[in-house]
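We did not get these values from a lab; they are worked out from the coordinates using the rules stated. Note that this is a predicted model, so its numbers are computed, not measured. Here Cβ is always computed from backbone atoms with ideal geometry, including for glycine, and neighbour counts include all displayed protein chains.
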Amino acid sequence: MLWSSIFGALAMGGFWMLAMPGYSHKGPLPPPTSEDTGMEGRLREHVAMLAGSIGERNTMRYSALQRAAKYISAQFAASGYQAREQSYLADDRKVSNIWVEIKGASRPEEIVVIGAHYDSPPGSPGADDNASGTAALLELARLFRDVKPAMTIRFVAFVNEEPPFFRTELMGSRVFAAEAAKKGEKVVAMLSLESIGFFSDAPGSQRYPFPLSVFYPDTGNFIGFVGNFGSHSLLHGCVRTFRETTRFPSEGVLAPELITGIGWSDHWSFWQEGYPALMVTDTAPFRNPHYHQPTDTPDRLDYGRLARIVSGLRTVVAGVSM
């Protein structure tokens, strides 16, 4: 009865849940710009370091997790930031969220969080999940270094997104969001960059949790924007900006969290505190056969498309924070 009700809402009165502003790009991608090409190389280097040289990184491979944290801090510093750490104990080990901030020029009390988790699941080097998102986070921070946004922007690399910490009080983003709420901070938007580097042009390469398969394309060549009902204004605004400025296929959905996968990343932690948040994703296990496997390696990713997505997200973040 529950699933039939959801399906009916999606198919009829709930069409607004699926309808997004603007139009997804169709056809060939435009030639890459020189900026895209340079960014592609940097993204490739970040992923190669995190998922190649360092490899699996979590509390069970603590030295690798620490190496990843040091790399991220060093990259923030190279972009001109002073990295901060929010440290706490998990499995009797000190783990840290790593973040930097650009203070808002006119509305500094309003905060936009751009986040990606840097740990990987046990048994996987985590190139797509989530070195791809972490690489994008580092590049976006670099691109915004000399920008003067109206709102404060925080770029945050979260620890402990993966099991056994997923959706527990020791999940890095849960710690970060809870602390923001405790301080009474006004987080007006949060974007979680989650597995954004795997694409396929083959028909049938894209799957979905029921009942979304009825409404979306079966080719895994797009980037997805996923939000809950409380984040509808943020989601519509981000999709609109992306489609108006970026010639790259995109899809968006507003859906209840009980649909499988809708809350599978760090945006979930911000929902728990009542903050508007969304996930930007290639849909991970619904497309990528290497998800949480030893084969999730750097050579599987499409860095040219990843660079185009980062360029598009640059305009999205600018739009949200101005």
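Computed quantities for the displayed model
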{"item": "Ranked list, fewest to most other Cβ atoms within 10 Å of each Cβ, for M151, M171", "result": "M151, M171"}
{"item": "Over 22 Å between alpha carbons, listed pairs K94/K186; K103/K183; K70/K94; K103/K186", "result": "K94/K186"}
{"item": "Antiparallel bridges, percent of DSSP beta bridges restricted to segment 53-162 (to nearest 5)", "result": "60 percent"}
{"item": "Cα-centre dipole for segment 34-321 with unit charges at Cβ (Lys and Arg positive, Asp and Glu negative), debye to 20", "result": "600 debye"}
{"item": "Virtual spin-label span in nm between R207 and A74, 7 Å along Cα→Cβ", "result": "3.9 nm"}
{"item": "Mean Cβ count within 10 Å, highest first, over the residues of peptides 144-150, 218-224", "result": "218-224, 144-150"}
{"item": "Cα centroid separation, segment 250-322 to segment 189-221 (Å)", "result": "10 Å"}
{"item": "Per-selection Rg to Rh, segment 166-270 - Cα, Kirkwood hydrodynamic radius", "result": "0.99"}
{"item": "For segment 128-186 and segment 27-71, distance of Cα centres in Å", "result": "16 Å"}
{"item": "Whole-number D in µm²/s for segment 104-233 (Stokes-Einstein; Kirkwood sum over Cα pairs; 20 °C, 1.002 mPa s)", "result": "129 µm²/s"}
{"item": "Taking L65, L170, L138 and counting other C-beta atoms within 10 Å, the order from fewest to most", "result": "L170, L65, L138"}
{"item": "For segment 207-264, average projected area of the Cα convex hull in nm²", "result": "4.1 nm²"}
{"item": "Antiparallel content of DSSP bridges confined to the chain, in %, to 5", "result": "45 percent"}
{"item": "Inter-probe distance in nm under a simple model that places probes 7 Å from Cα toward Cβ, at L258 and A105", "result": "4.7 nm"}
{"item": "Order of T281, T152 under a 10 Å beta carbon neighbour criterion, fewest first", "result": "T152, T281"}
{"item": "Segment K186-R84, length gained on full extension (0.36 nm per residue, minus Cα span)", "result": "34.8 nm"}
